[in-house]
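Trainee: One structure follows; several queries about it will come next.
Values quoted throughout were computed directly from the atomic coordinates according to the rules given, and no laboratory measurement underlies them. Just so we're clear, the structure is a prediction, and the values are computed from it rather than from any experiment. FYI the Cβ positions are ideal-geometry reconstructions off the backbone, even for glycines, and counts take in every protein chain you see.
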Amino acid sequence: MKTYTATHKYARIAPRKSRYVMDMIRGKSVNEALRILQSSNRRAAPMIRKVLNSAIANANQDLGSVAALVIENARIDGGPTLKRFRPGPMGRAMRIRKRTSHITISLAEAQQEGE
């Protein structure tokens, strides 16, 4: 079975925050996942929706209909952390960690009951 994958590397959102959204759509059909992402008001939802639309476009080049696709693998991996500093008490410097994410979505055709 062929899988269709799309990624977004170095997304400027913390992995922990975006995993909440990814957990909502993992294992769902493509249409249902798009509905969930459209109605979600989390900041990661538009980023994940873009990656999902890219994976759908990749699948559409080979397949005629993408309605039978399901999200087979949906991952949020941590990317490099940008380190910034701001003033702290008593003249010290306090570190700020700006985390990044790697968003990966793989689509596959739904399994039939007879198979």
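Trainee: Which whole-Hz ³J(HN,Hα) couplings does segment 73-83 yield from phi under the Karplus relation 6.51 cos²θ - 1.76 cosθ + 1.60, θ = phi - 60°, glycine and proline marked x?
Mentor: Taking θ as phi minus 60°, the curve returns 9, 9, 10, 10, 9, x, x, x, 9, 7, 9 Hz for segment 73-83.
Trainee: Shifting gears a bit: Can you give me the relative contact order of the chain as a percent, contacts being Cα pairs under 8 Å and 6 or more apart?
Mentor: Values: 210 pairs, mean separation 46.5, N = 115.
Once normalised by length, the contact order is 40 percent.
Trainee: Could you work out [θ]222 nm for the chain from helices alone, using -39500 (n - 2.57) per DSSP H run of at least four and dividing by all its residues? Round to the nearest 500 deg cm²/dmol. Could you put the intermediate results ahead of the total?
Mentor: On the way: 3 runs with 39 residues, N = 115.
After summing the helix terms and dividing by the residues of the chain, the value is -10500 deg cm²/dmol.
Trainee: If you build a Gaussian network model of the chain, linking Cα atoms that sit under 10 Å apart, which residue out of Met90, Met24, Met47 swings the most?
Mentor: Top of the fluctuation ranking is Met90.
Trainee: Separate question: Can you list which of the trypsin sites (Lys or Arg not before Pro) found in segment 1-49 are DSSP loop residues with at most 16 other C-beta atoms within 10 Å?
Mentor: Details: sites: Lys2, Lys9, Arg12, Arg16, Lys17, Arg19, Arg26, Lys28, Arg35, Arg42, Arg43, Arg49; in loops: Lys2, Arg12, Arg26, Lys28, Arg42, Arg43.
Passing sites in segment 1-49 are Lys2, Arg12, Arg26, Lys28, Arg42, Arg43.
Trainee: If amide hydrogens are placed 1.01 Å from N in the peptide plane, which non-local residues have theirs closer than 5 Å to the one on Thr5?
Mentor: Placed amide hydrogens put Leu107 under 5 Å from Thr5.
Trainee: Kirkwood Rh, the chain, all Cα pairs: how many Å?
Mentor: On the way: mean 1/r = 0.0647 Å⁻¹.
Evaluated on the chain, it is 15.5 Å.
Trainee: Residues of segment 7-25 with backbone nitrogen within less than 16 Å of a virtual label 7 Å along the Cα-to-Cβ line of Ile96, please, listed as ranges.
Mentor: Of the residues in segment 7-25, 12-14 have backbone N under 16 Å from the label point off Ile96.
Trainee: Here's something else I'd like to know. Taking neighbour counts of Cβ atoms within 10 Å as a proxy for exposure, in what order, fewest first, do Leu52, Leu34, Leu107, Leu82 appear? It would help to have the intermediate numbers written out before the result.
Mentor: Working: Leu52 21, Leu34 16, Leu107 25, Leu82 12.
Fewest-to-most Cβ neighbours within 10 Å comes out as Leu82, Leu34, Leu52, Leu107.
Trainee: Would you kindly derive the ³J(HN,Hα) couplings of segment 93-106 from the backbone phi angles with the Karplus curve 6.51 cos²θ - 1.76 cosθ + 1.60 (θ = phi - 60°), listing them in order in whole Hz, with x for Gly and Pro?
Mentor: For segment 93-106, the Karplus curve yields 10, 9, 7, 10, 9, 9, 7, 10, 10, 10, 9, 10, 10, 10 Hz.
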